[in-house]
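Working notes, structure below.
Please treat every number below as a calculation from the coordinates, not as lab data. These numbers were taken from a predicted model, which means no experiment stands behind them. Every residue, glycine among them, receives a Cβ derived from its backbone with ideal geometry; neighbour counts consider all protein chains shown.
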Amino acid sequence: MDGFHVNFPEVVCLGATFTLSGICYYLYKKSRKTLDTLDEAPHFPIDKNLKDILKVTPGACLQYAVIEGAVQPVGEPLSSHFQKESVGVLQKFMLKEHRLVWNSLTRSWTDSERIVHQRVNAVPFVLMGSNDTSVRVLCPLQASGFPMEITHEKFHQVNYGLSDIVGQYLSGEKLKGQLEIEEMLKVGTVLTGVGELTLETDGTLNLRPPSNGSQYFLSIADFDTLRGEQESTTVLWKVLAIVSAFAGAAVLFWIGRRYYCQLKTRWERERERREFERLLADAPRAPAPATGPEAPHDGAEEHIENACVICLSQPRNCILLDCGHVCCCHSCYQALPQHRCPICRQTISRVVPLYHV
């Protein structure tokens, strides 16, 4: 691409679109693999037959299985700090600070939040099925889509004094208040668990994160809803990958079109140059200038008078049509950024050589 340069914004757009396309495609393939694994996972009810199935399974392990049961604690459950009647097996307390920050670019206040404090309490729990059969859930905080029900939410607004208001406008930050939230996984909640199902030597059933790297799920929704959410995520990443790939292709097409237009302009100027040289070669030859003492001394003056108005070094040797001005040499005509006459700014449709006889 001699003489052709790709602009910095084009490089940035091209790199950003193809990078985004690659990331979205990777996430799509990952979501697609998870969706296919969910479709292939067997479903088992939690009953007395579950142990018999695992006993005849190699290694007493199902790498990916779907079960559903009610949450029950192993030992004493956790009690809510705000609703004494609410008990659960997981408890999460979070304190968020909300501020208004002045944005000098948009000339407005924007909301900002940050977590000041967070605490998670957990007790072992199982999923209960029929006939008092239970499956112990291991590493629940590693699961995707883990459900937590909000048991308490309260916003504590800050009261301002005059000095606080002045300080806020000087610092560009306003403290709105603090939001405290308590979430719990309550006892009796029906969970859908998707993971590795194992039978231990002591006869206990465990559900844990898959050892083959598949995604671990715990959800209050049923399996069909869980699969539908995963399918929506897969479709979203696919659409984003396609859109970003098309955007990158559009940028690449724009660069290629610009390069083609530059080549076309170069070819057109080369064709014009050859045609001009051909016409100039076919022109009748002027007699050679006289030399010696009798030769006129106004050659230099004539050359200066007929010099190209652009370079001032070459004689004017072309006629610009349709305006008919004779003002430049053919080399300077080809170097014009736009095909407009330097004298009258009229569009140049054709150039013919100027014959001196």
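Each principal axis of the range 41-220 carries a Cα extent, and these read 74, 38, 21 Å when sorted largest first.
Tell me the mean residue ellipticity at 222 nm calculated for the chain from its helices only (DSSP H runs of n ≥ 4, each -39500 (n - 2.57), averaged over every residue, nearest 500).
Only helices count here, giving -12000 deg cm²/dmol.
State whether the range 5-119 is rounded, prolate or oblate according to the following rule on the C-alpha gyration tensor (a ≥ b ≥ c being the square roots of its eigenvalues): a/c under 1.5 gives rounded; otherwise a/b larger than b/c gives prolate, and the remaining case gives oblate. Oblate, because a/c is 1.5 or more while a/b does not exceed b/c. Taking the Cα of Trp254, stepping 7 Å toward and past its beta carbon, and measuring to each backbone N in the range 13-43: which are under 19 Å? Within reach of a label on Trp254: 13-22. The percentage of C-alpha pairs in the range 41-106 whose separation is greater than 20 Å is 62%.
For the range 98-161, the Kirkwood hydrodynamic radius comes to 17.0 Å, computed from all pairs of different C-alpha atoms. Here Trp102, Trp237, Trp267 are placed in order of increasing Cβ neighbour count within 10 Å, fewest first, which gives Trp267, Trp102, Trp237.
What's the FRET efficiency of Cys323 with Glu277 using the Cβ-Cβ distance as r and R₀ = 35 Å, to the nearest 0.05?
0.95
In a Debye calculation with equal point scatterers on the alpha-carbon sites of the range 299-353 and no solvent, what is log10 I(q)/I(0) at q = 0.12, 0.30 Å⁻¹? Debye curve over Cα of the range 299-353, log10 I(q)/I(0) at q = 0.12, 0.30 Å⁻¹: -0.24, -1.24.
Net charge of the neighbourhood of Val190, taken over other residues with C-beta under 13 Å away and scored Lys/Arg +1, Asp/Glu -1, is -2.
Simple spin-label estimate for Val352 and Gln142 gives 8.7 nm between the two label positions (7 Å along the Cα-to-Cβ direction from each Cα). Within the shell of other residues whose beta carbon sits under 15 angstrom from the beta carbon of Gln63, the net charge comes to -2, with Lys and Arg scored +1 and Asp and Glu -1.
Rounded to the nearest 0.05, what FRET efficiency is calculated for Ala70 and Ser112 with R0 set to 51 Å and r the Cβ-Cβ distance? If you can, show how the numbers build up before the last one.
On the way: r = 40 Å, r/R0 = 0.79.
Efficiency for this residue pair is about 0.80.
Over all other residues within a Cβ to Cβ distance under 13 Å of Pro73, the charged ones net out to +1, with Lys and Arg as +1 and Asp and Glu as -1. Its residue count N fixes a reference of 2.2 N^0.38 Å for the range 159-208, and the Cα radius of gyration divided by that reference is 2.61. Based on Cα atoms of the chain, Rg over Rh with Rh as the Kirkwood radius reads 1.37.
Projected label points at Asp202 and Asp52, each 7 Å from Cα along the beta carbon direction, are separated by 2.6 nanometres.
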